[in-house]
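Asker: Below are the structure tokens for one structure; questions will follow.
The values are calculated or read from the model by the stated rules, or taken from the named source; none is laboratory data. Fair warning: this is a prediction, and the values are worked out from it, not measured in the lab. Glycine gets a Cβ as well: all are built from the backbone with ideal geometry, and neighbour counts include every protein chain shown.
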Amino acid sequence: MKVFIEKQNKKVKFVFEGTGTALIKKLKYNSEEVLVIKNGELVSLDEKLTNKDTIKIISIISGG
Amino acid sequence: MNCKLCTQKAIIDSPSYCKKHFLKYVEQTAKQTIKKYDLLKRSDKVCVAVSGGKDSITLLYILKQLKYDVEALAIDEGIKNYRDETLAFLKRFCKKHKIKLIIKSFEKEVGKRLDKIVKTGNPACTICGTFRRSLLNKYTKNYDKIATGHNLDDEAQAVLMNLLKAQKSLYDRQGPKTGKRKGFTQKIKPLYFLKEKEIMIYSILMNFDVPFTECPYAKDSFRAYVRDELNLLETQKPGTKKNILLKYLKNKSAEKNKLELSFCPLCGEPCAEEICNSCRIRKTLGLIA
Ligand code: SF4
Ligand SMILES: [Zn+2]
Ligand SMILES: [Zn+2]
């Protein structure tokens, strides 16, 4: 799975299958802090994610 | 997961809504807050205090959609690598949506850019906030209300921060609107019951293209601490943030703020002491005699 973490401008690749909730937990985020974009579309956290998906993690928290 | 109102796929978990119903939910929530807390009258002239971030942009857009008489006021503090980009964005956004945008700068109004003030070791956010509040009030005299983009997360954090610091006076001053006080334009917060996450999603779905630059001085570690703890609580017990606000509003003393006010002899703005905070800081900085 390709994951782009927008805030840190970081690209990571790893094997993962599971829900958005599980992915967020694996990346040590809190569901109040981030959004999961799957192949360009915002998805709810119960969405199944597979190794073929391209994921973007958007941070909600910002200053001002 | 499907939308709880139709057969479309949900894009958000709680409440589970599809795109169309989520957008509606956000607009309805703002509308209900305005109605329930009597934030606006149809005839009101509203000034939206805009930073160019997702919250104030969402607020501006929704008030305009609801056909209120809105204008926008932005403060240019003079912060390099931050404010120029957000101001350029604001100009484009307001032009596109036919909203009048007024910009007032620290440089012209206060006498110095924030960058320069900070260079001599002054605390950025305290000074910035004081000057901003003062300018906001000064330039909204001919409006009925100032609307700000504070959301449910900001407000729940503020309640907790003030409790933790035992700042009773600030605690009393929160809520969806400030009381009417002579010399102050009333402030309202139509996004009071919308979570930061919901506003973020709204601004993405609406393609607002809000710039994500952050103020280089934003380092409120106490707020960040409260925010993280609150986010943890919210995931363990959904609804915690909203409950904090509902309980706060319930407990809020009905007693009106009886603070006696006078007016600053130097600038004419209302103040609680001999001269206003803004002029006091300008004096210490040597910007006025
Ligand atoms: S983070 Fe501080 S310095 Fe920056 S805009 Fe906000 S109050 Fe001003
Ligand atoms: Zn729906
Ligand atoms: Zn003054």
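Asker: Determine whether B:Glu234 is crowded, with 18+ Cβ neighbours inside 10 Å, within 17 Å of the chain's Cα centre (by Cα) and either within 16 Å of ligand 2 (Cβ to nearest atom) or without any contact (Cβ under 8 Å) to a residue 12 or more places away in the chain (or both).
Answerer: Working: crowded, with 18+ Cβ neighbours inside 10 Å: yes; within 17 Å of the chain's Cα centre (by Cα): no; either within 16 Å of ligand 2 (Cβ to nearest atom) or without any contact (Cβ under 8 Å) to a residue 12 or more places away in the chain (or both): yes.
So B:Glu234 fails the test.
Asker: Mind checking whether some residue in region B:24-44 is over 25 Å from A:Glu33 (Cβ atoms), in a loop (DSSP other than H, G, I, E, B), within 16 Å of ligand 2 (Cβ to nearest atom) and hydrophobic (A, V, I, L, M, F, W, C)?
Answerer: no
Let's see how each residue does on (1) modelled with pLDDT of 90 or more; (2) assigned by TED's automatic domain parsing to the domain that holds B:Ser51:
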| position | (1), (2) |
| --- | --- |
| B:Val226 | yes, yes |
| B:Gln236 | yes, yes |
| B:Thr240 | yes, yes |
| B:Leu246 | yes, yes |
| B:Ser253 | no, yes |
| B:Glu269 | yes, no |
| B:Arg282 | yes, no |
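Asker: Can you name the residue in region A:23-47 that is away from every other protein chain (no Cβ under 11 Å) and exposed (fewer than 15 other Cβ atoms within 10 Å of the Cβ) and, of all such residues, is farthest from B:Lys9 (Cα to Cα)? If you could, list the steps in order and put the result at the bottom.
Answerer: Residues of region A:23-47 away from every other protein chain (no Cβ under 11 Å): A:23, A:26-28, A:39-40.
Of the ones still in play, those that are also exposed (fewer than 15 other Cβ atoms within 10 Å of the Cβ) are A:26, A:28, A:39-40.
On the way: A:Lys26: 25, A:Lys28: 26, A:Asn39: 15, A:Gly40: 15 Å.
So, considering only residues that are away from every other protein chain (no Cβ under 11 Å) and exposed (fewer than 15 other Cβ atoms within 10 Å of the Cβ), the one farthest from B:Lys9 (Cα to Cα) is A:Lys28.
Asker: May I ask you to list the residues in region B:80-103 that are outside any helix (DSSP H, G or I) and either at pLDDT 95 or above or outside the structural domain of B:Ala49 (by TED's automatic domain parsing) (or both)? If you could, list the steps in order and put the result at the bottom.
Answerer: Going through region B:80-103, the residues outside any helix (DSSP H, G or I) turn out to be B:80-82, B:97-103.
Listed by number, the residues that qualify are B:His97, B:Lys98, B:Ile99, B:Lys100, B:Leu101, B:Ile102, B:Ile103.
Asker: I'm checking my understanding of the structure. Among residues of region B:198-217 that are at the interface with chain A (Cβ under 8 Å from one of its Cβ atoms) and free of Cβ contacts under 8 Å to residues at least 40 places away in the same chain, which one is farthest from the chain's Cα centre (by Cα)?
Answerer: Of the residues in region B:198-217, the ones at the interface with chain A (Cβ under 8 Å from one of its Cβ atoms) are B:200-201, B:204-205, B:212, B:214-215.
From what is left, the residues that are free of Cβ contacts under 8 Å to residues at least 40 places away in the same chain are B:204, B:212.
Details: B:Ile204: 19, B:Phe212: 17 Å.
Applying the filter and picking the extreme gives B:Ile204.
Asker: Any idea which of (1) surrounded by fewer than 20 Cβ atoms within 10 Å (Cβ to Cβ); (2) aromatic (Phe, Trp, Tyr); (3) within 16 Å of ligand 1 (Cβ to nearest atom) is the one B:Tyr25 doesn't satisfy?
Answerer: Failing condition for B:Tyr25: (3).
Asker: Could you check region B:118-171 and list, in sequence order, the residues that are within 16 Å of ligand 3 (Cβ to nearest atom) and in contact with a Lys or Arg (Cβ under 7 Å, 6 or more places away or on another chain)?
Answerer: B:Leu135, B:Tyr139
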